[in-house]
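The numbers here are math on the coordinates, done by the rules we state, and not lab data. Note that the coordinates shown come from a computational prediction; the quantities given were computed from them, not determined experimentally. We place every Cβ from the backbone using ideal geometry, glycine too, and count neighbours over all the protein chains shown.
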Ligand code: RAM
């Protein structure tokens with residue numbers, strides 16, 4: 001874990017004073033592990049940065065949930081990148097974000113099919129480990145993207161941005177919107193989700209800052225990345241805490257459902273809502289005054305970076321060791337950081353001034 005001093009430094013860098021958040025070198029949405037360099041630890045191989053990029057590979061995307069529009073956009077980004085690299089894309093995965101055993105069976109099937117690499121967004125950090133380790137033993141490269149497993153169970157984690165910046169800035173946004181006063185709640189996705197849980201830890205740490213002394217986190221609810229459950233959970237939060245002042249929903253499914261509920265209720269514009277959403281989903285709620293501002297990264301770029309990382313691993317250009325650098329097409333060059341994590345970049349804050357510039 002990061003030292004408190006480093007965390008504060010990272011938080012300062014990520015202050016929401018501009019629309020684009022500052023990049024931090026503070027690590028991604030990853031689980032701690034004794035091993036620092038996951039990929040290298042697995043293979044013992046040496047990277048050859050000059051090796052030719054292999055063509056004709058098959059790279060499978062296994063998202064948390066196939067019918068989630070966020071993953072549709074992300075995986076399409078992966079598909080486009082693989083096509084440009086001369087490799088084949090496939091996608092498979094569960095339709096529910098709480099089907100952890102389903103995700104394990106998909107890993108096993110992909111292993112039997114002898115894909116060259118897989119990009120996985122983990123529903124649960126531990127559940128997938130044994131299957132992913134087995135895949136790596138069979139010389140299948142494993143990239144996690146969006147939501148990590150434990151570090152020793154994959155070669156590289158492609159993170160959307162620094163987990164710390166994502167967590168802290170959502171609290172900073174809500175604090176500004178609330179004038180730093182009132183009871184707040186979190187509406188998360190699945191209770192096991194590595195990414196959401198890591199962000200929530202940073203949210204709680206951010207709330208320890210004295211400037212939030214009049215803001216109290218009263219509850220964390222789970223909508224399981226299901227529209228109906230998220231809608232009902234929002235309704236339940238307002239019933240349980242009628243004086244609730246604000247909600248943070250760090251999931252594209254959750255924030256959309258919460259906005260839908262608030263927008264049709266007496267709480268519209270009164271209960272503040274922020275979190276992580278896609279501009280396409282949230283545009284109407286920003287325009288009708290339900291939501292002031294929220295944030296996200298470009299999911300298509302996350303998918304593309306996962307694809308490039310998988311191909312770089314399969315080509316031997318990288319092994320997953322800290323400090324290794326590789327090219328990811330139009331996205332530029334990336335360097336692997338601590339615990340085998342690569343950060344895509346910086347999240348963007350969307351509000352009524354800029355939302356029309358973003359079409360995803
Ligand atoms: C949902 C998923 C995903 C998360 C986004 C923000 O689509 O939970 O894992 O990264 O929201």
(message) Nearest 10 degrees is fine. How inclined is helix 299-314 to the longest principal axis of the chain, computing both from alpha carbons?
(response) 20 degrees
(request) Show that you can apply the helix-only estimate: for the chain, add -39,500 (n - 2.57) for every DSSP H stretch of four or more residues, divide by all residues, and state [θ] at 222 nm to the nearest 500. (result) -11500 deg cm²/dmol
(request) In square nanometres and to one decimal, what's the mean projected area of the convex hull around the Cα atoms of the range 114-182? (result) 5.8 nm²
(request) Could you grab the relative contact order for the range 107-178? Cα pairs under 8 Å, six or more apart, rounded to a whole percent. (result) 28 percent
(request) Can you tell me the 0 to 90 degree angle between the C-alpha axis of helix 100-112 and the longest principal axis of the chain, rounded to 10? (result) 20 degrees
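For the range 207-360, what is the Kirkwood estimate of the hydrodynamic radius, computed as the reciprocal of the mean inverse distance between distinct Cα atoms, to one decimal in Å? Show your work: numbers first, answer last.
Values: mean 1/r = 0.0566 Å⁻¹.
Computed over the range 207-360, the radius equals 17.7 Å.
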(request) Would you kindly state how much longer the chain becomes between residue 358 and residue 52 on full extension, computed as 0.36 nm times their sequence separation minus their alpha carbon distance, in nm to one decimal? (result) 106.6 nm
(request) Rounded to the nearest Å, what's the spacing between the alpha carbon centres of the range 301-331 and the range 145-203? Just the number, please. (result) 24 Å
(request) Can you quote the Å³ per residue value for the convex hull of the Cα atoms in the range 290-341, rounded to an integer? (result) 102 Å³
(request) Starting from the coordinates of the alpha-carbon atoms of the range 97-218, obtain the Kirkwood hydrodynamic radius over all distinct pairs and give the value in Å to one decimal. (result) 15.9 Å
(message) Tell me the Kirkwood radius of the chain: reciprocal of the mean inverse pair distance over distinct alpha-carbon atoms, in Å.
(response) 20.3 Å
(message) If packing is taken as the average count of other Cβ atoms within 10 Å, what order do 157-170, 51-64, 322-335, 192-205 fall into, highest mean first?
(response) 157-170, 192-205, 51-64, 322-335
(request) For the chain, find the longest principal axis of its Cα atoms and tell me its angle to the long axis of helix 4-13, 0 to 90°, nearest 10. (result) 80 degrees
(request) In whole angstrom, note down how far apart the Cα centers of the range 241-281 and the range 211-227 are. (result) 11 Å
